[in-house]
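Everything on this sheet refers to the single structure shown next.
The values are calculated or read from the model by the stated rules, or taken from the named source; none is laboratory data. Note that this is a predicted model, so its numbers are computed, not measured. Methodologically, a virtual Cβ is constructed for each residue, glycine included, from the backbone with ideal geometry; neighbour enumeration extends over all protein chains shown. To get the accessible areas, we keep the full protein, side chains included, count just its heavy atoms, and leave off ligands, DNA and RNA. Shrake-Rupley method; radii C 1.70, N 1.55, O 1.52, S 1.80 Å.
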Amino acid sequence: MTDTDQTPSAPASTPSTPGADDTSKRFAQANELIQALTKNINERLIGQTEVVEQIIIALLANGHVLVEGVPGLGKTLLVRTLADCISGAFSRIQFTPDLMPADITGHVLYDMKESKFRLRRGPIFTNLLLADEINRAPAKTQAALLEVMQERQVTLEGNSQKVPQPFMVMATQNPVEQEGTYPLPEAELDRFIMKIYIDYPNLEDEILMTKAVTSGQLDSIGSVPDSEAVLDTEQMLSLQALVSDIAVDEQVLQYAVRLTRATRESSAIFRGASSRACIALIRCARAKALLRGNDYVLPDDIKAMAAPVMRHRIALAAEVEIDGLSPDQVLAQVFAGVEAPRL
Amino acid sequence: MNLDKICIVPRVRGAWEAIDLGIMLAKAWYRDLFLLWFLPALPLFLILLIALPSEWSKLAAFAVWWFKPLWDRGPLHYASLKLFGDNISVSAAMRKLPSIYKIDILSSITWRRLSFARSFNMPVTLLERLTGKARSQRLGILHRDPSSASSWLTITLLFVELFLYAAVLTFLFVMVPNYSPINIAELFNSQDGYLNIGSTILLFSAMAAVAPFYTAAGFALYINRRMALEGWDIEIRFRQLAENQGKLSAKTSSKSGITTSAPSLLLCLFTCFSLWSFDSNAGSDITLIEDSPFEQTTDTPEKITHIHNAKDAEKLITEILAGEVFHNESTVSGWRFKDFPPEEEIDESPEWLIAFLKSLADFFSSFDGQFSSLAGIVEFFIWVLAIGFVIFIIYHYRHALNATITSISTKRIQTNNTPPPKELFGLDLREESLPEDIPSEVRSLWQKDEHRAALSLLYRASLYKLIHEWGFNFSEGDTEGDCAKLVTLQGDASLSDYTKHLTQCWQLVAYAHRSPENDAVEKLCQQWSSLFEKPTVEQPGASHNV
């Protein structure tokens with residue numbers, strides 16, 4: 001059961017403004033689209049409902065996601081499936097140790113026939129970019145994503161080139177303990193709106209998935225024959241705009257700030273979350289509220305999103321790492337001490 | 001007491017050197033001294049530790065600390081025997097403890113308990129068995145020299161105890177990872193049962209570890225003082241010389257003249273010192289007790305012989321001093337400074353002060369000789385000042401003290417009954433902050449269009465009931481959703497439905513700034529009465545902590 005299931009929609013309320021009906025209608029339509037998208041992905045990626053929910057939240061919040069898990073759990077499939085469900089341009093870059101920044105962003109080359117320089121755009125000029133196994137490339141190549149992730153543009157030969165909208169980087173990575181991987185720079189990590197852990201599915205889901213693949217219902221790479229896109233890029237942009245309209249009460253906003261600041265005050269955390277984390281938290285909480293079908297953010301939304309938003313932005317103290325505690329465990333301890341809003 | 005068997009080098013030492021000697025003695029006999037302190041103190045400590053509530057367990061350590069004058073007696077008795085070559089076992093010393101503890105017990109654990117020179121004074125009580133005026137006079141003589149050292153010994157070792165206690169706690173704290181919620185202040189001041197008991201046991205262990213050093217160092221100071229006063233070192237040396245001379249005399253009895261005159265002279269000198277030793281003992285009015293380790297200081301036949309020869313010795317010494325050896329005259333010339341007569345020091349004490357003190361002395365001398373000396377008068381005034389100061393402090397801080405005592409007793413009641421919080425999430429959860437009839441008040445506020453206030457009251461009242469009557473424990477970090485989930489987990493369908501619905505209505509008004517429909521609020525009011533206004537028999541959520 002996901003958090004969305006646990007939090008029922010709001011009770012009927014007395015309309016307060018004349019435009020409330022229009023708003024309700026927009027939210028209802030948005031909810032339908034999101035439900036369809038969720039259903040579509042869950043049909044292909046079995047047993048990862050929470051991960052699917054989080055990646056949709058990131059998409060709605062107009063952020064980039066980092067998906068981490070051991071090989072063979074469907075990280076690439078998840079991103080490919082999302083790309084299939086949205087009728088936009090999709091590119092995939094397999095990060096390798098010899099990958100160069102120009103292989104990502106593109107480059108300018110001299111056309112001998114026309115005797116002029118021509119711009120060859122890299123795979124980054126797309127709507128959905130799958131940066132597969134991003135931590136297999138060295139930091140120099142990883143840094144090629146910094147500009148585009150933050151400013152949605154690429155500078156080539158001194159000229160800024162806008163990437164198409166919506167734009168989302170979905171990076172996958174294996175745990176850094178594995179051989180041949182490089183840790184991502186902090187500046188890049190901070191640009192991912194959330195980090196999603198993908199774990200092994202439970203027994204029933206794994207049986208169901210194995211049965212679906214071996215019976216031909218799903219092919220070996222998880223794609224569904226004759227699958228259609230659920231959303232186009234325009235709908236995606238309107239959903240993202242709708243997220244920005246979701247109300248955030250002052251108390252809820254302060255709660256988000258308190259949670260972020262608490263990570264900077266804990267002795268278990270060597271480096272706390274940045275202000276960008278706080279902004280990302282509000283955006284994700286808004287997206288979650290939309291996913292819940294409401295047009296206002298609850299403290300529960302903030303709390304639910306706090307760990308995915310902050311887990312990759314903090315650096316644990318050395319002794320905590322030695323003790324084998326995960327960032328999620330430490331964050332749970334920290335958040336438990338932050339007073340939730342009431343009145 | 002047999003001085004010949006003393007196991008230390010007999011010489012007069014400085015006070016700090018004597019304390020060092022005591023520390024060395026304690027190190028040599030540490031196991032036995034420790035057991036003689038620890039084993040008698042342990043039963044009292046354990047009984048109090050078990051009998052008292054955990055938050056009062058420090059009282060067990062305090063009781064052991066207060067009765068230290070008793071626990072220190074076993075090690076002192078043992079050390080006094082071992083020092084003079086008596087190989088007493090721990091079990092034998094333990095058997096003696098009841099009789100040792102009885103000696104002057106009341107004063108030891110009452111008005112003399114806080115004496116800074118306790119370890120130094122204890123041998124006078126325990127080994128010389130002096131009481132009353134005789135004890136005071138004896139202490140007056142003994143305290144002329146090392147009393148400040150004995151006070152510093154007490155202060156230093158008290159700090160050593162505290163350092164030991166703090167060091168172990170700090171060590172544990174250092175070993176606890178940083179991210180753990182445990183902190184050192186909590187360990188020191190914790191009301192938590194196990195932490196409190198653990199720190200009390202540490203305190204007791206620190207006292208037991210330091211006690212042998214304290215007792216032995218105080219005893220060494222005492223022995224050193226007696227050596228200085230009674231010339232034990234000289235006596236022992238002369239005894240050894242006399243013994244050696246006796247052996248030599250037997251072998252060379254044919255020899256005469258000057259070879260015999262020197263031992264005779266030494267013997268005479270020894271006799272003189274013995275006499276002086278007796279005099280000093282007599283002056284201090286020491287009453288020697290039969291079973292005291294220090295009983296064998298006098299009355300050996302050898303000494304009686306010396307007493308009979310004392311007049312002859314004195315005569316011989318006078319003759320030698322009158323001889324030519326001590327009357328050689330010689331003329332020496334050279335430069336030197338002139339001798340000027342020193343200026344007479346002017347007594348700066350005003351006459352009126354002297355007269356006042358004299359009159360005071362006369363006044364106090366009428367009280368059975370208790371204030372016969374000037375020091376006694378000063379001591380009396382110091383005591384009066386000290387008591388007055390304590391009374392002043394108590395009076396001045398009476399309100400703070402009263403508040404502290406009240407808070408301690410309140411905390412105790414709270415700990416015993418695990419009372420629910422009065423405030424949570426910034427909400428006032430006291431019963432008196434809520435109106436009598438919640439639904440009526442909510443309806444009234446709702447009709448006045450104070451929707452937020454109405455639902456806020458209903459939500460607060462529900463939280464109050466959930467916490468106080470249903471036994472739910474919510475933490476500060478719980479959101480409304482977390483609270484509702486917790487109630488759902490408890491399993492009462494009607495309660496969880498109500499809480500969920502109320503939470504949604506409250507969230508709508510609080511975070512969306514929209515009011516729920518009137519019917520929804522009316523329904524909540526009705527359900528509130530049926531859910532919370534009936535007596536609750538059991539508290540299923542009482543054991544359910546967040």
Over 31 Å (Cα to Cα) - which of B:LYS82/B:LYS247; A:LYS140/A:LYS288; A:LYS195/B:LYS485; B:LYS102/B:LYS358; A:LYS25/B:LYS500 fall in this group: A:LYS140/A:LYS288; B:LYS102/B:LYS358
Could you check the simple spin-label distance between B:SER359 and B:VAL378, using points 7 Å along Cα→Cβ, in nm with one decimal? 2.1
Cα centroid separation, the range B:458-486 to the range A:283-343 (Å): 21
When ranked by the protection proxy of mean other Cβ atoms within 10 Å per residue, highest first, what sequence do the peptides A:234-244, B:85-95, A:305-315, A:109-119 form? A:305-315, A:234-244, B:85-95, A:109-119
Enumerate the helices in chain A for which the Kyte-Doolittle hydropathy averages 1.0 or more and the C-alpha atoms extend at least 15 Å along the helix's axis, using complete DSSP H runs. A:49-60
Evaluate the distance, in nm, between pseudo-label points positioned 7 Å from the Cα of B:TYR395 and of A:ASP199 along their respective Cα→Cβ axes. 6.8
Considering every residue in A:328-341, what mean count of other chain Cβ atoms within 10 Å of its Cβ is obtained? 3
Pairwise FRET efficiency - B:ILE141 versus B:ARG112, Cβ, R0 = 22 Å, nearest 0.05: 0.75
When chain A is treated as a GNM, springs tying every alpha-carbon pair under 10 Å, which of A:SER267, A:SER87, A:SER215 comes out with the largest mean-square fluctuation? A:SER215
What does a probe at B:ARG11 reach in the range B:192-225, counting residues whose amide N is under 19 Å from the point 7 Å along Cα→Cβ? B:220-225
What is the calculated FRET efficiency for B:ILE100 to B:THR170, with r their C-beta to C-beta distance and R₀ = 25 Å, to the nearest 0.05? 0.10
Between A:GLU321 and A:ARG271, what is the spin-label point distance in nm, taking each point 7 Å from the Cα along the Cα→C-beta axis? 1.0
Here FRET efficiency (C-beta to C-beta, B:ASP519 to A:ASP328, R₀ 45 Å, nearest 0.05) is 0.60
Determine the shape class of the range B:423-532: with a ≥ b ≥ c the square roots of the Cα gyration tensor eigenvalues, call it rounded for a/c under 1.5, and otherwise prolate if a/b is greater than b/c, oblate otherwise. rounded
Selected from A:LYS25, A:LYS39, A:LYS303 as most flexible by GNM, with chain A as the system and alpha-carbon contacts under 10 Å: A:LYS25
Alpha carbon centroid spacing (whole Å) that separates the range B:76-94 from the range A:83-119: 94
Can you give the Kirkwood hydrodynamic radius for the range A:246-343, in Å, rounded to one decimal and based on Cα pairs? 13.5
Over the range A:64-172, what is the relative contact order in percent, taking alpha-carbon pairs closer than 8 angstrom and at least six residues apart? 34
Which whole-number percent gives the relative contact order of chain A, counting Cα pairs below 8 Å spaced six or more residues apart? 21
Taking Cα atoms of chain A, Rg/Rh with Kirkwood Rh, to two decimals? 0.98
Heavy-atom accessible area, 1.4 Å probe, ligands and nucleic acids excluded: residues of the range B:495-517 down by at least 20 Å² from chain alone: B:GLN504, B:TRP506, B:GLN507, B:LEU508, B:TYR511, B:ALA512, B:HIS513, B:ARG514, B:SER515, B:GLU517
